[in-house]
Amino acid sequence: MNPKLFEKALTESYTMRQQTAGGAIVEDNRQSILEIRQLTKTYASGFSALKGIDLSIQEGEIFALLGPNGAGKTTMISIICGIVNPSSGEVLVGGYDILKDFRQTRSLIGLVPQELTTDAFETVWDTVCFSRGLFGKAPNPAYIEELLKSLSLWDKKDSKLMTLSGGMKRRVLIAKALSHEPRVLFLDEPTAGVDVELRKSMWEQVRKLRETGVTIILTTHYIEEAEEMADRIGVINHGQLIEVESKDELVKKLGKKSLQLILREKIEEVPSDLESYSLELSPSGYELTLHYDTRDRENDLAELFVDLKNTNLHLKDVVTKESSLEEIFVELVKEQR
């Protein structure tokens with residue numbers, strides 16, 4: 001893709017056709033900032049870390065990449081950021097190829113790694129300014145000041161990194177990654193080892209970054225983190241991207257529901273009028289549970305309640321439950337084994 005044509009496209013409105021991991025074609029009016037096509041990585045040992053990854057990330061979205069340890073999350077990020085070379089495939093960032101146009105793509109990317117790697121004897125101000133200079137950016141004290149204030153680091157600007165807490169060091173890493181004003185920010189396990197209160201504070205910081213137009217791609221072990229922050233979620237396992245959907249669509253497409261009928265009187269068995277619904281009777285005899293798939297349109301709960309009237313059962317309460325994102329993730333990974 002010609003970079004000049006890409007930059008022109010950013011100023012025009014067009015409809016992008018995007019293929020999801022499941023093969024379905026969807027349409028979206030936002031531009032793609034990151035394109036991954038048939039990306040593979042096989043190490044010298046023969047281990048295949050990535051197996052034909054296809055993915056399109058849109059400008060201004062928060063994309064969460066979920067997967068167990070060793071699934072390929074960090075390998076994929078390392079390739080995009082120029083740390084690891086791919087075995088095959090193509091990656092475009094802002095229309096530039098990560099191999100042919102390394103300098104351009106790297107200048108568009110900010111990376112916050114898992115490890116807290118900082119120069120212990122440098123001050124916060126100096127280390128962030130130095131990171132900006134590494135990308136050939138002219139000094140901009142006003143921007144660095146604004147950046148540190150947005151990350152609640154301004155009062156620590158003259159502190160040496162060795163004196164900071166783990167949470168503050170994590171914020172410094174974010175400041176370093178944003179120092180050269182990238183358009184794409186990678187957060188590799190951004191809240192690992194961070195307490196719950198600070199984690200929520202960092203979620204808020206990430207949302208503010210998105211409001212400035214930065215596209216954010218994060219890997220995480222915390223399902224609630226993806227559920228809280230992400231616009232779309234990708235699930236990767238054994239080097240394969242097995243699902244890419246919005247949160248709501250993922251739950252709608254793959255979620256399962258249960259309907260629990262709590263009875264006033266104990267029963268010994270499911271009434272014959274209700275046998276066709278595959279209801280489960282609890283050991284206590286006071287609860288009947290129906291499990292059903294949200295994708296199955298033939299499930300007509302209205303019919304169940306009509307047939308329920310033909311029995312001598314008296315309901316005390318009715319409870320419904322929907323699959324959580326965590327349950328869906330566990331099920332997806334289990335299915336791929």
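The values are calculated or read from the model by the stated rules, or taken from the named source; none is laboratory data. All values derive from a computational prediction rather than experimental measurement. Quick reminder, even Gly has a Cβ in these numbers, built from the backbone with ideal geometry, and neighbours come from all protein chains shown.
Values computed for the structure shown
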| read-out | value |
| --- | --- |
| Among residues of the stretch 117-156, those that are among the aliphatic types (A, V, I, L, M) and surrounded by fewer than 16 Cβ atoms within 10 Å (Cβ to Cβ), counted | 4 |
| Matching residues, the stretch 171-226, being among the charged types (D, E, K, R) and under 20 Å from residue 124 (Cα atoms) | 171, 176, 181 |
| Exclusive hit being within 21 Å of residue 187 (Cα to Cα), among the acidic types (Asp, Glu) and assigned by TED's automatic domain parsing to the domain that holds residue 235, set 101, 119 | 119 |
| Output for the stretch 81-115, where each listed residue is part of a helix (DSSP H, G or I) and crowded, with 23+ Cβ neighbours inside 10 Å | 105 |
| Restricting the stretch 116-137 to residues that are assigned to a loop (DSSP other than H, G, I, E, B) and polar (S, T, N, Q), the residue that is farthest from the chain's Cα centre (by Cα) | 118 |
| For residue 269: the one exception among (1) among the acidic types (Asp, Glu); (2) exposed (fewer than 13 other Cβ atoms within 10 Å of the Cβ); (3) assigned to a helix (DSSP H, G or I); (4) modelled with pLDDT of 75 or more | (3) |
| Selection from the stretch 272-288 of residues that are in a strand (DSSP E or B) and touching a residue at least 12 places away in the same chain (Cβ under 8 Å) | 281, 287, 288 |
| Residue satisfying condition, being in contact (Cβ under 8 Å) with a residue 60 or more places away in the chain and either surrounded by fewer than 16 Cβ atoms within 10 Å (Cβ to Cβ) or aliphatic (A, V, I, L, M) (or both), within set 198, 185, 164 | 185 |
| Residue within the stretch 91-106 that is of a type in the set (Gly, Ala, Ser), under 20 Å from residue 245 (Cβ atoms) and modelled with pLDDT of 90 or more present | no |
